[in-house]
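Below is one structure, written out as structure tokens; comments come after it.
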Amino acid sequence: MATPPRVRFAPSPTGYLHIGGARTALFNWLYARRHAGKFILRLEDTDRERSTEESVQAILDGLRWLGLDWDEGPGVGGPVGPYFQTERLDLYRREADALIGGGKAYRCYCTKEELEERRRVFEKQKRPYKYEGTCRNRTDIPPGRTAVVRFRMPEVDETLTYTDEVLGRISKQTSDLDDFVMLRADGIPLYNFGCVVDDHTMDITLVVRGQEHINSTFPQLMLYRALGWTPPAMAHLPLILGPDKEKLSKRRHPEADVMLHRSNGILPEALVNFIVRLGWSHGNDEVISREQMVAWFGFDHVGSTSGVWNPEKLLWLNQHYLKTLPPLDIGARLLPFLAARGVDAARDPRLERIVLALRERSKTLVEMADLARPFFVRVPVDPKAAAKHLDHAGKRALALAREALHAVQPWTTLGIDAALKSVSEAAGLGMGKVAQPVRVATMGIPVSPPIGETLELLGKVESLERIEAALAS
């Protein structure tokens with residue numbers, strides 16, 4: 001029996017949870033869940049200037065909102081912690097010292113200014129700069145200088161090849177690689193070194209990350225060889241492009257922020273369904289449940305071409321989940337959006353029925369909250385709607401409707417619709433010429449569920465009081 005996989009998501013906490021990171025986490029999570037493995041969360045918090053507690057919390061909150069629970073990591077613990085890189089610095093220094101002792105790494109005393117000067121020379125010659133190995137065999141230690149640790153790339157050129165779980169066989173010549181910096185002078189590991197040490201000591205069996213990390217794989221493979229460790233399998237995911245076909249970035253695309261979608265009224269079920277299809281497919285299926293994702297997910301169906309952000313598809317999926325998830329569940333999620341609009345509906349027995357009435361015409365929880373608010377509080381009548389529907393003719397129809405509605409008993413959708421239909425027929429008006437003045441008078445806006453259902457949910461006393469107020473205004 002194969003060993004259960006161990007996969008990880010290792011974001012840098014320098015901002016919010018990015019959609020690309022969320023997809024990487026999701027694919028790792030799905031793979032672990034399908035194969036009864038472990039999903040590890042590790043925070044690569046070595047950028048001391050930009051890593052913040054707020055960013056850590058934003059990542060944790062984003063993953064929890066998406067329903068991506070981790071088996072080991074912050075707040076959970078585990079046998080291979082700590083799970084923050086800044087708490088593992090002794091480990092990196094120990095492995096770096098071992099490589100130096102074995103002649104596979106060395107201390108470099110070149111200053112930043114010296115390196116910049118050499119880089120400028122290469123740029124003038126239209127050549128890419130590659131560290132020349134100035135300190136490879138240096139015996140003199142300049143006084144007062146600190147040293148970084150560089151990997152000693154073998155001088156004999158060879159072809160490095162690995163088989164990517166998504167992209168197949170990929171090769172690179174070692175002569176294209178330089179003596180890269182592994183460890184800064186302050187003991188902070190750079191990406192290639194830190195993730196190799198962490199992935200090995202955390203027993204990671206498969207590394208899943210974006211295609212922008214392909215070039216990092218080759219220096220990492222050299223590190224694994226030098227340390228005598230077996231590298232994990234690798235899977236590199238396609239890019240995600242914004243609607244403008246540029247790489248989805250925090251700077252250019254607000255939709256890159258996972259939690260922005262939460263505040264915009266998108267359901268996590270919809271967002272997860274949406275991002276799983278940005279690079280992975282299962283036939284022509286568009287609506288895929290969490291259970292189906294776990295059952296079907298595999299890297300053989302991850303493509304190599306970039307996925308493009310489609311806001312219309314996201315809204316379509318969101319409306320699907322608004323219409324198909326239990327209305328009580330949607331109602332509970334609607335409460336914070338209503339609260340932001342000054343409405344406390346937590347104990348209102350009508351909430352479930354209002355959700356049922358509004359979900360066919362709402363694409364987001366924001367839209368649903370806007371449409372639901374007039375059921376709970378009186379809102380000012382929209383001036384444009386009043387000008388169109390509460391003019392002289394509209395108020396005449398409204399007055400006739402008021403008299404008919406007074407007589408409705410019991411107050412049901414069927415009875416309300418019958419009363420307004422009788423007004424329409426007696427006055428020789430189309431049903432819309434009666435229903436719209438009533439709708440605007442009672443709801444303040446010209447959009448609501450069917451008028452009978454709207455008034456039943458509003459209640460007889462409240463409906464008639466709002467009509468009276470509109471007639472008197």
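The values are calculated or read from the model by the stated rules, or taken from the named source; none is laboratory data. All figures in this text were calculated on a predicted structure; none of them were measured in a lab. Every residue, glycine among them, receives a Cβ derived from its backbone with ideal geometry; neighbour counts consider all protein chains shown. Heavy atoms of the whole protein, side chains included, go into the accessibility calculation; ligands, DNA and RNA do not. Shrake-Rupley method; radii C 1.70, N 1.55, O 1.52, S 1.80 Å.
Cα gyration tensor of the stretch 231-277, axes a ≥ b ≥ c as square roots of the eigenvalues: rounded (a/c below 1.5), prolate (a/b > b/c) or oblate? Oblate.
A 1.4 Å probe run over the chain, with the rest of the protein chains in place, finds 47 Å² accessible per residue.
Placing one equal scatterer on every Cα of the chain and applying the Debye formula, the log10 ratio I(q)/I(0) at q = 0.10 Å⁻¹ is -0.84.
Considering helices alone, the calculated mean residue ellipticity of the chain at 222 nm is -14500 deg cm²/dmol, with DSSP H runs of length four and up weighted by -39500 (n - 2.57) and normalised per residue.
The dipole here belongs to the stretch 349-473: it is taken about the Cα centre, uses +1 on the Cβ of Lys and Arg and -1 on the Cβ of Asp and Glu, and is about 220 debye. Here, the stretch 210-257 has an Rg and a Dmax of 15.5, 45 Å when only alpha carbons are counted. For the chain, with all protein chains in place and a probe radius of 1.4 Å, 52% of the accessible heavy-atom surface sits on carbon or sulfur. Other residues lying with their Cβ under 9 Å from the Cβ of Phe84 contribute a combined charge of -1, Lys and Arg counting +1, Asp and Glu -1. For the chain, a simple Cβ point-charge model (Lys and Arg +1, Asp and Glu -1, everything else neutral) yields a dipole of about 720 debye relative to the Cα centre.
Dipole magnitude for the stretch 1-142: computed about the Cα centre from +1 point charges on Lys and Arg Cβ and -1 point charges on Asp and Glu Cβ, it is near 780 debye.
Per-residue surface analysis assigns Ile416 an accessible area of about 0 Å², computed on protein heavy atoms at 1.4 Å probe radius. Taking the charge dipole of the chain about its Cα centre, with +1 at Lys and Arg Cβ atoms and -1 at Asp and Glu Cβ atoms, the residue from Leu267, Ala472, Thr305 reaching farthest to the positive side is Ala472. Taking amide H atoms as placed 1.01 Å from N in the peptide plane, the amide H of Arg152 lies under 5 Å from those of Ala105, Tyr106, each 5 or more residues away in sequence or on another chain.
Between rounded, prolate and oblate, where does the stretch 141-216 land on the alpha carbon gyration tensor, with a ≥ b ≥ c its root eigenvalues, rounded for a/c under 1.5, else prolate if a/b exceeds b/c? Oblate. Among 45-52, 79-86, sorting by the average number of other beta carbon atoms lying within 10 angstrom of each residue, highest first, gives 79-86, 45-52. Mean separation of Cα pairs under 8 Å and 6 or more residues apart, divided by the residue count, gives the chain a relative contact order of 12 percent. Only one residue of Asn215, Leu63, His200 has its Cα farthest out toward the positive end of the dipole of the chain, where Lys and Arg carry +1 and Asp and Glu -1 on Cβ, and that residue is Asn215. The mean sequence separation of alpha-carbon pairs under 8 Å and at least six residues apart, normalised by the residue count of the stretch 34-142, gives a relative contact order of 23 percent. The rule of thumb for compact globular proteins, 2.2 N^0.38 Å, goes into the C-alpha radius of gyration of the stretch 124-276 1.34 times.
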